[in-house]
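Remarks on the structure that follows.
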Amino acid sequence: EVKSNGRGAACRYVPEIRERAEERRALEVDLGMALERGQLALAFQPVVEAADEHIVGFEALLRWTHPVLGKIPPDKFIPVAEDTGLIVPIGHWVIREACAWAAKWPRHIRIAVNLSPAQIDDPLLLEVVAQALADNGLEPARLELEITESLFLNEKVSTIERLAALKALGVRFALDDFGTGYSALGYLHKAAFSRIKIDRSFVSRALQPNGEASAIIQAIVSLAHSLDMATTAEGTETREEFELCRSLGCEQVQGYLFGRPMPPEEATALVAGVLVEA
Ligand code: C2E
Ligand code: MG
Ligand code: MG
Ligand code: MG
């Protein structure tokens with residue numbers, strides 16, 4: 001808001017910065033207690049097969065209800081969790097909780113869990129994932145770990161090794177928010193992704209008359225297919241967007257058209273009684 005470089009402006013600006021730093025510090029402290037105080041919850045958003053519009057999975061999305069501030073959006077608290085390292089213990093909880101719920105669902109319904117780059121560096125991650133699968137009797141192939149391209153920004157041997165060790169458990173990998181970040185593509189063959197998630201920014205522009213976004217979706221689908229990967233179109237809000245994505249070859253879609261992130265009980269009820277097709 002304050003654009004002037006004059007001294008008066010600077011003086012008015014400083015308390016604002018301090019306020020923001022204090023707000024952030026308070027958020028860090030509160031987030032540190034959120035898990036043990038039961039303020040964190042998972043919401044599950046349906047993932048749908050484009051061909052028949054049946055639910056094939058859910059993505060686990062973290063929710064924080066702050067006792068005073070109310071619901072805080074992930075885009076606000078996940079960065080705090082990443083910067084403080086709290087994402088590691090919180091992430092362990094997310095993995096265990098997500099696997100426990102998925103174990104209650106029909107066997108063809110998979111669960112996707114988001115992982116921040118800092119979680120891949122966590123030496124306990126492999127053990128936590130293996131244990132969560134074993135404790136719940138969940139087939140590893142039903143767990144899909146979503147990571148973003150930013151993971152490959154500083155090419156570390158340990159990153160590739162950790163992904164390979166996870167992969168050896170039998171879990172799958174999806175590349176989240178594809179097309180928004182680094183996109184150097186060189187890493188694509190190293191980590192053996194099963195799926196590319198096409199970012200919502202392309203899907204929401206897909207119907208624009210200039211056709212740019214739909215050309216990008218088409219290119220991503222073709223890249224994915226040539227590397228034996230499937231695609232999911234994120235943030236599908238309208239039937240028109242869905243039909244376009246389907247016609248461009250996206251196998252799966254996810255978005256408000258088919259369901260918002262919902263409480264675990266609701267997700268479980270939604271797929272209860274769905275028979276596994278032979
Ligand atoms: P993401 O993994 O790309 O998740 C998809 C986001 O798009 C979710 O936002 C979801 O609610 C939103 N979304 C889905 N369909 C639609 C739609 O049709 N329209 C619109 N406008 N939005 C839609 P959410 O839940 O706010 O999560 C934001 C991000 O926070 C996630 O993006 C993910 O990167 C991160 N995140 C969430 N939970 C976790 C977690 O457990 N661990 C980690 N490391 N990150 C998480
Ligand atoms: Mg995701
Ligand atoms: Mg995404
Ligand atoms: Mg994301």
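Here are some notes:
- Distant alpha-carbon pairs in the range 189-228 (separation over 12 angstrom), percent: 59
- Amide proton proximity set for Arg110, modelled H, under 5 Å, gap of 5+: Gly57, Phe58
- Candidates Val88, Val14, Val48: whichever shows maximal mean-square fluctuation once the chain is modelled as a Gaussian network with Cα springs under 10 Å: Val14
- Solvent-free Debye scattering, log10 I(q)/I(0), computed from the Cα coordinates of the chain at q = 0.07, 0.12, 0.14 Å⁻¹: -0.29, -0.82, -1.07
- Placing unit charges on the Cβ atoms only, positive for Lys and Arg and negative for Asp and Glu, gives the chain a dipole magnitude near 460 debye about its Cα centre.
- Across the range 27-140, counting alpha-carbon atoms alone, Rg and Dmax equal 14.9, 46 Å.
- Beta bridges by DSSP in the chain, antiparallel share as percent, to the nearest 5: 40
- For the chain, the longest site-free run once GluC sites (Glu not before Pro) in DSSP loop states with at most 13 other Cβ atoms within 10 Å are removed: 156-276
- When the trypsin sites (Lys or Arg not before Pro) in the range 13-69 are filtered for DSSP coil states and for at most 15 other beta-carbon atoms within 10 Å of their beta-carbon, the remaining sites are Arg37.
- Of the residues Gln208, Ser222, Gly235, the one whose Cα sits farthest towards the positive end of the charge dipole of the range 176-266 is Ser222 (charges of +1 on Lys and Arg Cβ, -1 on Asp and Glu Cβ, taken about the Cα centre).
- With all protein chains modelled, accessible area of Tyr187 [1.4 Å, Å²]: 10
- Spin-label zone in the range 153-189 - amide nitrogen under 12 Å from a point set 7 Å from the Cα of Ala130 along the C-beta vector: 165-170
- P(r) weight above 13 Å for the range 41-106, C-alpha pairs, percent: 71
- Couplings 3J(HN,Hα) for the range 102-112, derived from phi with the Karplus relation 6.51 cos²θ - 1.76 cosθ + 1.60 (θ = phi - 60°), are 4, 5, 8, 9, x, 5, 8, 8, 9, 10, 10 Hz, where x marks Gly and Pro.
- Surface/4 estimate of mean projected area, convex hull on alpha-carbon atoms of the range 86-215, nm²: 8.8
- With all protein chains modelled, accessible area of His108 [1.4 Å, Å²]: 70
- Antiparallel bridge percentage (DSSP; both residues within the range 1-138; nearest 5): 75
- For the chain, adding -39500 (n - 2.57) for each run of n ≥ 4 DSSP H residues and dividing by the number of residues yields -13500 deg cm²/dmol at 222 nm.
- About the Cα centre, charge dipole magnitude for the range 168-244 (Lys/Arg +1, Asp/Glu -1 at Cβ), debye: 300
The values are calculated or read from the model by the stated rules, or taken from the named source; none is laboratory data. Note that this is a predicted model, so its numbers are computed, not measured. Positions of Cβ are backbone-derived with ideal geometry, glycine not excepted, and every protein chain shown enters the neighbour counts. We work out accessible area using only protein heavy atoms, side chains counted, and drop any ligands, DNA or RNA first. Shrake-Rupley method; radii C 1.70, N 1.55, O 1.52, S 1.80 Å.
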